[in-house]
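Input: a single structure, listed below in structure tokens.
The values are calculated or read from the model by the stated rules, or taken from the named source; none is laboratory data. Small disclaimer: the values here were computed from a predicted structure and weren't measured. Here the Cβ positions follow ideal geometry from the backbone for every residue, glycine too, while neighbour counts run over all protein chains shown.
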Amino acid sequence: MTKLVELVSLNLSRNQLVDSIPSDIGELKNLELLDLSRNQLVGSIPSNFGKMINLEALDLSRNQLSCDIPTSMANMVFLYYLDLSYNTLSGKIPTGTQLQEFYNVSYQGNPRLCGDPLTKACPKSGKISFEDAQCRKNEGKIEHENDGNHKENGINPWYITMAAGFVTGFWAFWGSLIFVASWRHAYFRFLSNMNDWIYVTVVVAYNKLQRKLHTQEPPM
């Protein structure tokens, strides 16, 4: 997955995904939209999510994610849409970040969350006790510390889902061009028109530049 460094949008919502979120996703530093909502994801939000500094929209709602919200998410300075609702997240929402600027609905359905912008105050001691069931891997053997180093034997189902999505999209596009003549003609007509537009734009820009350079030449 780390080879997909140029990926800017990843939508895997409603795919019945299970297990924890692979930490590799946090390495997609060019990602602008990430939607993993309405699956069956468990475990914590990987701490390296903060590396996705270009992320603008993040939707992890309606899963079974647990533990606290990693403080590294404060690095997501371009984030304008956030939905973490209806999980089992716990603890204090990181303060001093844009995470307080979102409405309560971004966090609703997580009764063990506390702190701004929620009305529920955190304990004065500052210590939050986590239930074991909320902060362990799906097998209940390795406690979560946002390490993101959990790996399963065999092929990760995430990679299978991404590969299947790519193959489906690829053949849906090219298959339509191959078997539907009207679509094929329309597509190549579009490419031809685009080529003409680019040519005209370049020529016009070149002529404008030439005229500008001539007007700036000092008289002999």
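Looking across segment 95-111, the residues that are touching a residue at least 24 places away in the same chain (Cβ under 8 Å) and surrounded by fewer than 18 Cβ atoms within 10 Å (Cβ to Cβ) come down to Thr97, Gln98, Gly109.
Name the residue that is nearest to Glu6 (Cα to Cα), counting only residues in segment 41-71 that are touching a strand residue (DSSP E or B) at 6+ places or on another chain (Cβ under 6 Å) and surrounded by fewer than 19 Cβ atoms within 10 Å (Cβ to Cβ). If we take residues in segment 41-71 being touching a strand residue (DSSP E or B) at 6+ places or on another chain (Cβ under 6 Å) and surrounded by fewer than 19 Cβ atoms within 10 Å (Cβ to Cβ), then Ala57 is nearest to Glu6 (Cα to Cα).
Evaluated against (1) under 23 Å from Cys122 (Cβ atoms); (2) aliphatic (A, V, I, L, M); (3) touching an Asp or Glu at 6+ places or on another chain (Cβ under 9 Å), Val42 falls short on exactly one condition, (1). For segment 1-37, residues that are touching an Asp or Glu at 6+ places or on another chain (Cβ under 9 Å), surrounded by fewer than 15 Cβ atoms within 10 Å (Cβ to Cβ) and modelled with pLDDT under 90 total 2. Of all residues in segment 47-61, those being out of contact with any Lys or Arg (no Cβ under 8 Å at 6 or more places or on another chain) and outside any loop (DSSP other than H, G, I, E, B) number 7. In the set Ser13, Ser72, Ser37, only one residue is in a helix (DSSP H, G or I), in contact with a Lys or Arg (Cβ under 9 Å, 6 or more places away or on another chain) and touching a residue at least 24 places away in the same chain (Cβ under 8 Å); that residue is Ser72. If you go through segment 101-126 and pick out every residue that is modelled with pLDDT under 90 and not in a loop (DSSP other than H, G, I, E, B), you end up with 1. Ser66 meets each of the listed conditions (1) touching a residue at least 40 places away in the same chain (Cβ under 8 Å); (2) over 12 Å from the mean Cα position of the chain (by Cα); (3) assigned to a loop (DSSP other than H, G, I, E, B) apart from (3). Residues that are surrounded by fewer than 23 Cβ atoms within 10 Å (Cβ to Cβ) and within 17 Å of the chain's Cα centre (by Cα) were ranked within segment 83-94; the one that is farthest from Ala121 (Cα to Cα) is Asp83. For Gly26, the test of being closer than 20 Å to Asp116 by Cβ, in the same structural domain as Thr119 (by TED's automatic domain parsing) and assigned to a helix (DSSP H, G or I) is failed.
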